[in-house]
Amino acid sequence: MKIIDAQGRLLGKISILDLGAAMVILIAIAAIFFSPGAPVTQGIAQSKLQPVEVGVMIRGLRVGDFDALLQEFADNQEVSIVIRNQPAGEVSILSTETLPRTTPVPQPDGTVKALPDPRPEVALIKDMIMTLSGKAQVTEDGVILEGARKIKIGTPIRLEGRTYDFNGTIIAVSTQE
């Protein structure tokens, strides 16, 4: 009796193609369950954490009662942050600065002045700069917050509180040694 017959069956019973497909499936299952995954922590706890300040620019925040939002910032100094759709811990709110909404207005002499925007719907749209403070590891690559998320200028960030959830962009990162 031949090991492989004319129809490609092993010992006349099992097709070589079926055997190959079964081996590929078994190897894939073994790779899923037995391969090491990403480490849970990135060694943040073992290294020295330093205080950092992060400037965040929030543009086009639509809010009905802006004064109530500012009061919540003052009452609750901790804010949860999300970076790249991953929770990155909590940071403290050091300050908030509301930026004026202006519109360019051409002048008769050809110059342009930035004047307050007179449109009524603009009263509900706010721009502001927030300064946040937290602990981070400072590496050669950049600053890594306690929540194991690297931050750099231009990184999108989401701030979550009890009554708010909005997006901003990091515009400044400074360490205080």
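Please treat every number below as a calculation from the coordinates, not as lab data. Only a predicted model underlies this, so the values are computations on that prediction, with no experimental measurement involved. Heads up, the Cβs are rebuilt from the backbone with ideal geometry, glycines too, and the neighbour counts pull from every protein chain shown.
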Original post:
Which order do VAL91, VAL143, VAL122 fall in if you start with the one that has the fewest other Cβ atoms within 10 Å?
Top reply: VAL122, VAL143, VAL91
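When the Kirkwood hydrodynamic radius is evaluated over all pairs of different C-alpha atoms of segment 47-96, what value in angstrom, to one decimal, is obtained? Spell out each step's value before the answer.
Values: mean 1/r = 0.0772 Å⁻¹.
With all distinct Cα pairs of segment 47-96 included, I get 13.0 Å.
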Original post:
Anyone know which of LEU94, LEU26, LEU132 comes out most mobile in the 10 Å Cα GNM of the chain?
Top reply: LEU26
**OP:** For the chain, just run the numbers: alpha carbon Rg, then divide by 2.2 N^0.38 Å, N being how many residues it has.
**Re:** 1.81
Subject >> Cα-based helix-to-principal-axis angle, 66-75 vs the chain, degrees rounded to 10 >> reply: 70
Original post:
Of ALA74, ALA30, ALA123, which has the largest mean-square fluctuation in a 10 Å C-alpha GNM of the chain?
Top reply: ALA30
Subject >> Residue-averaged 222 nm ellipticity for the chain, from DSSP H runs of 4+ at -39500 (n - 2.57), nearest 500 >> reply: -5500 deg cm²/dmol
Original post:
In sequence order, what are the phi-derived ³J(HN,Hα) couplings for segment 153-162 according to the Karplus relation 6.51 cos²θ - 1.76 cosθ + 1.60 with θ = phi - 60°, rounded to whole Hz, with x for glycine and proline?
Top reply: 4, x, 6, x, 9, 10, 10, 10, x, 5
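So if I place +1 on the C-beta of Lys and Arg and -1 on the C-beta of Asp and Glu, and nothing else carries charge, what would the dipole magnitude of segment 50-175 be about its Cα centre? I want it in debye, nearest 20.
Numbers: 13 positive and 17 negative charges, 79 e Å.
Charge dipole, segment 50-175, about its Cα centre: 380 debye, nearest 20.
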Subject >> the chain: relative contact order in percent, alpha carbon pairs under 8 Å with at least 6 residues between >> reply: 28
Subject >> Unit charges at the beta carbon, dipole of the chain: most positive-side option, SER174, THR102, ILE3 >> reply: ILE3
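Taking the beta-carbon count within 10 Å as an exposure proxy, list ILE125, ILE153 from fewest neighbours to most. Before the final figure, lay out the partial values.
Working: ILE125 15, ILE153 12.
Neighbour counts put them in this order, fewest first: ILE153, ILE125.
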**OP:** Using a Gaussian network model of the chain whose springs link C-alpha atoms within less than 10 Å, name the residue from GLY154, GLY110, GLY134 with the highest mean-square fluctuation.
**Re:** GLY110
Original post:
How many angstrom separate the Cα center of segment 54-90 from the Cα center of segment 147-161?
Top reply: 12
Original post:
For GLU78, GLU121, what's the fewest-to-most ordering of other Cβ within 10 Å of each Cβ?
Top reply: GLU121, GLU78
